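What follows is a single structure, written as structure tokens, with notes after it.
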Amino acid sequence: MRLSVIDLDGSVAAQEPLRRRIDAGSAERIEAADLAGALRIVAGRRAKAELFERLGRRDGEGEGAPVFFYGSGDFHHVTSVLLSRVEEPVTVVHFDNHPDWVRFPATVNCGSWVNRALELPDVRKVVTIGPCSDDLVRPEWQFANLKAVAEGRIALYPWRHAPSRVWGRYGKADSFRQQGGHLHWRNLAEVDWSDFLGELIAAIPTPAIWLTIDKDVLAPADACTNWDQGELPLSHLLAAVERLAGERRIIGADVCGDWSEPRFTDPFRATLAYFDHPPCFTPTPEQLAINARVNASLIDCFQRVLS
């Protein structure tokens, strides 16, 4: 694999498992702190273009699958920038406590990047695994792209969630069935994980997959993030990466969900963060150490399966 840190917020480049590799030359650090203010929560057009340019100037292109770490989930829409560089049909497998599927506003932001990915010519499908968040309570009120769910372009598998109240008609799929005014989800906490992974892989329409992981899909014991968190066990996440790599070709991966202090240079992004984030807090060194430990586990897993 080719390991890179896009250093937007300082949260991962200084972590021991990544700093050691950067110092040894086995990981690359891409400086992007100057772009963070125009990328956090919502990507400005100019900042997005500049980030794309910096990514494109890397040496060693084509030598192994790229794996990117880039900090807070406030930047998860960086995934859509990374996917825009893919040049073959691909399925995105997305681990997250949030579906990131809102249709309005139609910007490149951390809550809508899945739609931007689906607009790319080579992205065939996005499979989202693990949400427990309130995004599913009344998804139509939150401008969820349920049309893509009904069409099979998004497959959503919550870890655990009550039925979603809806007014439209969306039919049924492997991940849900509609009964009256509710979508009843297939909660993964209630199924055999190995059996689910087998069904998931059989339904992936492309040989190539891209993995994107927001660590807020994990419980607080396994991550310290800027967002409300889910319940997916870390062991399940690692098992999924290994199984997917064994039966499909991983052409790239990215990881976010580290904690960093939200800093904004304009009131627009600050206001969005105020209403969308859970209450701000300052984590302890022990909480931040959890992220370094889990990132080390993910790096070790990627090294095994992408070698």
**Asked** Name the residues in segment 249-272 that are over 10 Å from GLY37 (Cα atoms), among the hydroxyl-bearing types (Ser, Thr, Tyr) and touching a residue at least 40 places away in the same chain (Cβ under 8 Å), would you?
**Response** SER260
**Asked** Which members of segment 69-89 meet the condition of being buried (at least 23 other Cβ atoms within 10 Å of the Cβ) and outside any helix (DSSP H, G or I)?
**Response** PHE69, TYR70, GLY71, SER72, HIS76, HIS77
**Fill in**
Scanning segment 242-255 residue by residue, those surrounded by 15 or more Cβ atoms within 10 Å (Cβ to Cβ) and touching a strand residue (DSSP E or B) at 6+ places or on another chain (Cβ under 8 Å) turn out to be LEU244, ARG248, ILE250, ILE251, GLY252, ALA253, ASP254, VAL255
**Prompt:** Any chance segment 207-215 includes a residue that's at pLDDT below 95 and either outside any loop (DSSP other than H, G, I, E, B) or closer than 21 Å to ALA27 by Cβ (or both)?
**Reply:** no
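Please state which one of VAL108, VAL102, VAL42, VAL12 is of a type in the set (Val, Ile, Thr), out of contact with any Pro (no Cβ under 7 Å at 6 or more places or on another chain) and within 19 Å of LYS215 (Cβ to Cβ).
VAL12
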**Message:** Quick check on my filter: what residues within segment 35-49 are closer than 16 Å to ASP9 by Cβ and either among the acidic types (Asp, Glu) or not in a loop (DSSP other than H, G, I, E, B) (or both)?
**Reply:** LEU35, ALA36, GLY37, ALA38, VAL42, ALA47
**Fill in**
Going through segment 1-34 in order, the residues found to be in a helix (DSSP H, G or I), under 22 Å from ALA49 (Cα atoms) and touching a residue at least 24 places away in the same chain (Cβ under 8 Å) are ALA33
**Prompt:** What do you reckon, is ASP258 among the acidic types (Asp, Glu), surrounded by 15 or more Cβ atoms within 10 Å (Cβ to Cβ) and part of a helix (DSSP H, G or I)?
**Reply:** no
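The values are calculated or read from the model by the stated rules, or taken from the named source; none is laboratory data. These numbers were taken from a predicted model, which means no experiment stands behind them. Every residue, glycine as well, gets a Cβ built from its backbone with ideal geometry; the counts of neighbours run over all protein chains shown.
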